[in-house]
Amino acid sequence: MQKDKLLHFGVGLLLAAGFAWAGRKYGLDRAAAAILGYGLSASVGILKECYDKRHPDKHTEDADDAAATAIGAWVGSMLALMV
């Protein structure tokens with residue numbers, strides 16, 4: 001696995017866990033907070049790749065990066081369900 005994909009995975013995981021934590025702090029139940037964390041984190045990954053596509057001179061669009069972020073987001077949101 002490429003280092004870049006691991007970075008996307010890790011960022012997705014941390015974002016999802018952080019967003020889920022914030023959701024819990026502001027009164028959401030575990031399931032709603034996990035959904036919030038996943039949705040926001042996966043959205044960040046998709047938007048990052050959209051940005052990369054619009055700036056090909058400095059960035060490389062890669063759907064696998066978005067997928068790695070989404071998978072990390074899923075893991076982070078599942079971890080948020082456990083705590």
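If a residue must be exposed (fewer than 12 other Cβ atoms within 10 Å of the Cβ) and of a type in the set (S, T, N, Q), how many such residues does the stretch 39-51 contain?
0
Scan the stretch 52-64 for residues that are surrounded by 11 or more Cβ atoms within 10 Å (Cβ to Cβ) and in a helix (DSSP H, G or I) and jot them down.
Within the stretch 52-64, D52, K53, D64 qualify.
With respect to A73, determine if the residue is surrounded by 13 or more Cβ atoms within 10 Å (Cβ to Cβ), aliphatic (A, V, I, L, M) and either without any contact (Cβ under 8 Å) to a residue 24 or more places away in the chain or in a loop (DSSP other than H, G, I, E, B) (or both).
So A73 fails the test.
Residues of the stretch 49-58 being over 18 Å from V11 (Cα atoms) and under 19 Å from the mean Cα position of the chain (by Cα), which ones?
Going through the stretch 49-58, the residues over 18 Å from V11 (Cα atoms) turn out to be 53-58.
Of everything in the stretch 49-58, just one residue is over 18 Å from V11 (Cα atoms) and under 19 Å from the mean Cα position of the chain (by Cα), namely K53.
Tell me which residues, restricted to the stretch 16-42, are over 11 Å from A80 (Cβ atoms) and either under 8 Å from the mean Cα position of the chain (by Cα) or in contact (Cβ under 8 Å) with a residue 60 or more places away in the chain (or both).
G39, L40, A42, listed by residue number.
I'd like to know if the stretch 9-22 contains one or more residues that are surrounded by fewer than 13 Cβ atoms within 10 Å (Cβ to Cβ) and modelled with pLDDT of 95 or more.
Taking every residue of the stretch 9-22 in turn, none turns out to be surrounded by fewer than 13 Cβ atoms within 10 Å (Cβ to Cβ) and modelled with pLDDT of 95 or more.
Scan the stretch 28-38 and tell me whether some residue there is part of a loop (DSSP other than H, G, I, E, B) and either surrounded by 11 or more Cβ atoms within 10 Å (Cβ to Cβ) or at positive phi (or both).
Yes: the stretch 28-38 contains one or more residues that are part of a loop (DSSP other than H, G, I, E, B) and either surrounded by 11 or more Cβ atoms within 10 Å (Cβ to Cβ) or at positive phi (or both).
Is it the case, given these coordinates, that I71 is farther than 17 Å from G10 by Cβ and at pLDDT 95 or above?
no
The values are calculated or read from the model by the stated rules, or taken from the named source; none is laboratory data. Keep in mind that this is a model prediction, so the values were computed, not measured. Neighbour counts are summed over all protein chains in view; Cβ atoms, including those assigned to glycine, are modelled from backbone coordinates with ideal geometry.
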